[in-house]
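To start, the structure under review is shown below, and the notes come after it.
The values are calculated or read from the model by the stated rules, or taken from the named source; none is laboratory data. Remember, predicted model here, so these are calculated numbers, not experimental data. Backbone-built Cβ (ideal geometry, glycine too); neighbour counts: all protein chains shown.
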Amino acid sequence: MPYIGTSPSNGVRQTYDYTATAGQTSFSGSDNNSQTLTYTDSAYIDVYQNGILLVPSDYTATTGTTVVLDTGATVSDTLQIVVYDVFSVADTVSASDGGSFGGNVGVGGTLSVTGNVISPITLAGTTPTLTIGDAGAEDTKIVFDGNAQDYHIGLDDSTDSLTIGLGSALGTTSHMVIDANGHVTKPLQPAFLILGATTDNVGNNETINFSTERFDLGSDFASNTFTAPVTGRYQFNVNLNFNGFDQDFTYIRANLVTSNYTYELHIVQGNMADDDGYMHFGGSIIADLDANDTSKVVMEISGGAAQMDLMPDAGTQFSGYLVC
């Protein structure tokens, strides 16, 4: 429905002119120009008697249609009543209904936003800078609100570290932490170190027994086998100490056996002078694994009797971690 009445885009005032009779106090209805007096608020009228502006205490204006003088007018006195109607300034944004600015907006003080800021947002200038926080002793963060998962990046004030993590709460599930000295840690990065257990008479195609866990971030190592939690490149390191060899073996090889490839870590040729010699096997490799691929250390022995024993000392280890 179209607006009926005074246009709100312009400032409006209406003037009513009356000529008084002797002692007249009440002025209403049609004026000298056949205009009927009306107003909405006495605070928005001015009353002039013979050109002199009266103060509000000189008259009463409460009905919206009548102005009553405290003192009766003299015959032929002129009474002019100026009524100011409601209006709004053109080319503005409504405080209640909102809108948009087509030009630049400068804010010299504090800008407070309780709703959403709609993207895109561009920081321009010669040195664009966005500062979060005001040097107070408090955490500051940016939260990425996703459909299935939320993530955050922020300053943990208690540790003076920059943290990237899961969820909206800072520091509860940290994926990467950079401290004030530049040290970078990944608390949830897959990594393990397992020490060997005593194994007698290790035979051909036998998986090495590892039982003493030093650490296993992610709990991905079990039953002598590492299972990759995600697809990536993994660094593996193996050290094995044996004694009690049969001198008649042809070769002995330590292999890293994964789901998609077998890597030779160390091989020793036969022709030993006698039995019961000590021997060390070791090697490192970066292997590509898909999620749920497995890795284990397997001995390959050709010839001779299965009589060598795995020594459970600090020199027998299997370790690994996700590189990328």
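Among the strands (runs of 3 or more DSSP E) confined to region 178-279, the ones with at least 3 residues that are free of Cβ contacts under 8 Å to residues at least 60 places away in the same chain and under 26 Å from residue 322 (Cβ atoms) are located at 210-217, 251-258, 262-269. Checking region 97-111 against the condition returns a match, with at least one residue being modelled with pLDDT of 85 or more, within 28 Å of residue 170 (Cβ to Cβ) and among the polar types (S, T, N, Q).
Count of region 112-146 residues, restricted to those that are more than 25 Å from residue 173 (Cα to Cα), modelled with pLDDT of 90 or more and among the small types (Gly, Ala, Ser), is 0.
When 39, 48 are screened for being surrounded by 13 or more Cβ atoms within 10 Å (Cβ to Cβ), among the aromatic types (Phe, Trp, Tyr) and modelled with pLDDT under 95, only 39 passes. Residue count for region 151-160, restricted to those that are under 11 Å from residue 140 (Cα atoms) and assigned to a strand (DSSP E or B): 5.
Note on region 225-239: among residues that are crowded, with 18+ Cβ neighbours inside 10 Å and among the aliphatic types (A, V, I, L, M), the one that is nearest to residue 279 (Cα to Cα) is 238.
To keep it simple, each residue is scored yes or no on (1) under 16 Å from residue 316 (Cβ atoms); (2) surrounded by fewer than 15 Cβ atoms within 10 Å (Cβ to Cβ).
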position: 241; (1), (2): yes, no
position: 260; (1), (2): no, yes
position: 266; (1), (2): yes, no
position: 278; (1), (2): yes, yes
position: 289; (1), (2): no, no
position: 296; (1), (2): yes, no
